[in-house]
Amino acid sequence: MPKPRKITGLNPEENAVELTEAEWEIMKVVWEKEPCAAGTVQESLAQSRDRAYSTVKTTMDRMVEKGFLEIERIRNLQLFRSCISEVDARRGEFRKMLKRAFDGALTPMMQFLIEHEGLSKEEASQLRKLANMAETKKTNRK
């Protein structure tokens, strides 16, 4: 059996984006509605969870300090924009899980998903297509 492939870029020094659950909720709204005020985010989150405005605003201010959001000030209004893409956030979350659960190796993770999570015929077909695309891409680079 071939040695499991490790995903590159798992070094903590590479500043992988790691969001808390509350930050994920906020980022999803910001990505959808940016630029937006904290009140807009709080209203959107109120549909699924009861979050006080002060809690949302404090969390967003901390996200600015972490470099996840930036503030544009227009007189008394503060509009928030994302500084990270959804892809980078997903990549950080994925790498964190992969490193923690599978020591950074992709093959054991895929094997685990197939053996323990089950795949529909459609999902198996999609995975085959993706694997073929990856192989074709790798061959074309040579």
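The values are calculated or read from the model by the stated rules, or taken from the named source; none is laboratory data. Keep in mind that what you see is a predicted model, and the values were worked out from it rather than measured. With ideal geometry, Cβ positions are generated from the backbone for all residues, glycine too; neighbour counts draw on all protein chains shown.
The C-beta contact set for segment 70-99 (first residue free of Cβ contacts under 8 Å to residues at least 12 places away in the same chain, second residue β-branched (Val, Ile, Thr) and outside any strand (DSSP E or B), distance under 6 angstrom, 6+ apart or interchain) comprises ILE71/VAL64.
All conditions in (1) over 30 Å from ALA131 (Cβ atoms); (2) surrounded by fewer than 13 Cβ atoms within 10 Å (Cβ to Cβ) hold for GLU70, with the sole exception of (2). Tell me yes or no: at least one residue of segment 40-52 is in contact (Cβ under 8 Å) with a residue 40 or more places away in the chain and in a helix (DSSP H, G or I). Among the residues of segment 40-52, not one is in contact (Cβ under 8 Å) with a residue 40 or more places away in the chain and in a helix (DSSP H, G or I), which makes the answer no. Summed over segment 14-39, residues that are assigned to a helix (DSSP H, G or I) and under 16 Å from LEU77 (Cα atoms) total 4. Identify all residues within segment 65-102 that are within 15 Å of VAL29 (Cβ to Cβ) and either among the aliphatic types (A, V, I, L, M) or in a helix (DSSP H, G or I) (or both); write none if there are none. Listed by number, the residues that qualify are LEU69, LEU79, ILE84, GLU86, ALA89. Within the set THR107, THR59, the sole residue that is β-branched (Val, Ile, Thr), modelled with pLDDT of 95 or more and over 17 Å from the mean Cα position of the chain (by Cα) turns out to be THR59.
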